[in-house]
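Notes follow the structure.
The values are calculated or read from the model by the stated rules, or taken from the named source; none is laboratory data. Owing to the predicted nature of the structure, the values given are computational and were not obtained by experimental measurement. Please note: Cβ atoms are built from the backbone with ideal geometry, for glycine as well, and neighbour counts cover all protein chains shown.
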Amino acid sequence: MKRNHLHLVFQDILQGFSSWRIWLLLGWRDINLRYRRSTLGPFWITLSMATMIYSMGFLYGKLFEIDLSVYYPYIATGMVTWTFISTLINDLVEALSKASGFIKQIKLPYTIYILRVLTSNFIVFLHNFLAIIPILLFFNTGITLLLIFVLLLNILLLLICCFCYGFIFSLLGTRFQDIKPIIGSVLQICFLLTPILWMPQMLPERFNYLASANPFYQLVNLIRDPLIGQMPSLFTYGYISLMILGGFIVMIFLLWRTRHRIAFWL
C-alpha cells in the first residue's frame with residue numbers, strides 16, 4: 001500500500017509537468033484577473049520596482065559611500081530576485097488552499113497548482129526584469145554570451161528549487177493555517193539579514209560566514225552574479241545542489257504521507 005502511494009506521488013509530478021497547457025493557462029489567467037481593470041496591467045509593478053530601485057540605490061549608495069556604478073547593479077539585481085523569491089513563497093503557501101474549488105470538483109495532479117503559481121510569479125519577474133535593463137546597459141556590467149547562458153541555467157536551477165520548497169510550503173500551509181503569517185514574518189527578517197541592500201564585504205571578516213550560510217543569499221547570487229559580470233562560485237552551485245536535493249527528498253516524503261489527505265484539509 002505504501003509503495004502504491006509512492007508510485008502515485010511520482011505519477012502526480014510527471015502528469016503535472018506533462019499538463020503544461022493547463023498550468024500555463026491558469027497562470028496567465030491569474031495575471032489577467034489581477035490586472036483586468038488596469039491600463040498598464042502588470043507594468044505598474046515594473047514602474048513601482050523601477051522607482052524603488054532607482055531611489056534606494058542612490059540613497060543607500062550615498063549612505064554607504066559606494067561607487068554607484070557598482071552599487072546600482074548590485075541592489076537592482078538583488079531586489080528583483082528577492083522580490084520574486086519572497087512573493088513566490090508567500091503565494092505558494094496558499095497554492096493548494098486557493099485552488100480548493102478545483103481540487104474538490106476536478107481530479108487533477110496537485111503539481112499543476114504549484115506550477116500555476118510559479119508561472120504567474122515568473123511572468124511578473126520578467127516584467128520586473130525590464131526595470132533593471134537600463135541600469136545594466138548604462139553601467140556596462142560586462143555581460144557576455146557565456147554569462148547569459150549561465151544566467152538561463154541558473155534561472156532553471158532557481159525555479160527547480162522554488163518548486164520543491166514551494167510544494168513543501170503549500171502542503172504545510174494547507175494543513176496549518178498559521179504557516180502563512182509565520183513565513184511572512186520570517187521573510188521580513190531574512191530580507192534584513194540577506195545581502196540585498198548591503199554587501200558581505202561590509203561585515204567584519206570573522207562574520208562572513210553569516211552571508212555564505214544564508215540560503216537566500218546563494219539563491220540571489222544565482223541571478224545577480226551573471227548580471228553584474230561574474231561567474232557564481234562553485235560553493236554557490238554546491239550549496240544550491242544540496243538545497244534542491246534536500247528539498248526534493250522532503251517534498252516526496254510529505255507528498256507520500258499527506259497526498260491522500262489534502263482534499264480533506266481544504
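Structure values in brief
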item: Test for THR46: is it out of contact with any Pro (no Cβ under 6 Å at 6 or more places or on another chain) and crowded, with 18+ Cβ neighbours inside 10 Å; result: yes
item: Test: residue in the range 133-156 that is β-branched (Val, Ile, Thr), under 14 Å from the mean Cα position of the chain (by Cα) and within 24 Å of TYR239 (Cα to Cα); result: yes
item: Selected residue (only one of ILE85, ILE89 is closer than 13 Å to PHE125 by Cα, crowded, with 18+ Cβ neighbours inside 10 Å and either in contact with a Leu (Cβ under 8 Å, 6 or more places away or on another chain) or without any contact (Cβ under 8 Å) to a residue 24 or more places away in the chain (or both)); result: ILE85
item: Criterion (at pLDDT below 90, within 30 Å of GLN15 (Cβ to Cβ) and not charged (D, E, K, R)) met by exactly one of VAL124, VAL117, VAL93; result: VAL124
item: Count - residues of the range 72-121 that are small (Gly, Ala, Ser) and over 18 Å from the mean Cα position of the chain (by Cα); result: 4
item: Extreme residue, surrounded by the most Cβ atoms within 10 Å (Cβ to Cβ), among residues of the range 166-203 that are among the aromatic types (Phe, Trp, Tyr) and more than 15 Å from the chain's Cα centre (by Cα); result: TRP198
item: Qualifying residues in the range 92-137 (those that are within 20 Å of ASN32 (Cβ to Cβ) and among the basic types (Lys, Arg)) - the one surrounded by the most Cβ atoms within 10 Å (Cβ to Cβ); result: ARG116
item: Residue list for the range 96-114, restricted to those being modelled with pLDDT of 90 or more and assigned to a helix (DSSP H, G or I); result: THR111, ILE112, TYR113, ILE114
item: Residues within the range 138-149 that are at negative phi and loosely packed, with under 14 Cβ neighbours inside 10 Å, tallied; result: 6
item: Neighbours by Cβ (under 8 Å, 6+ apart or cross-chain): first from the range 187-202, more than 9 Å from TYR217 (Cβ to Cβ) and in contact (Cβ under 8 Å) with a residue 24 or more places away in the chain; second in a loop (DSSP other than H, G, I, E, B) and of a type in the set (A, V, I, L, M); result: MET199/ILE66
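Each row is one residue, and each column tells you yes or no for (1) of a type in the set (Phe, Trp, Tyr); (2) in contact with a Cys (Cβ under 7 Å, 6 or more places away or on another chain); (3) at positive phi; (4) crowded, with 19+ Cβ neighbours inside 10 Å.
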| position | (1), (2), (3), (4) |
| --- | --- |
| GLN218 | no, no, no, yes |
| LEU227 | no, no, no, yes |
| MET231 | no, no, no, no |
| SER241 | no, no, no, no |
| LEU245 | no, no, no, no |
| ILE252 | no, no, no, no |
| TRP256 | yes, no, no, no |
| ALA263 | no, no, no, no |
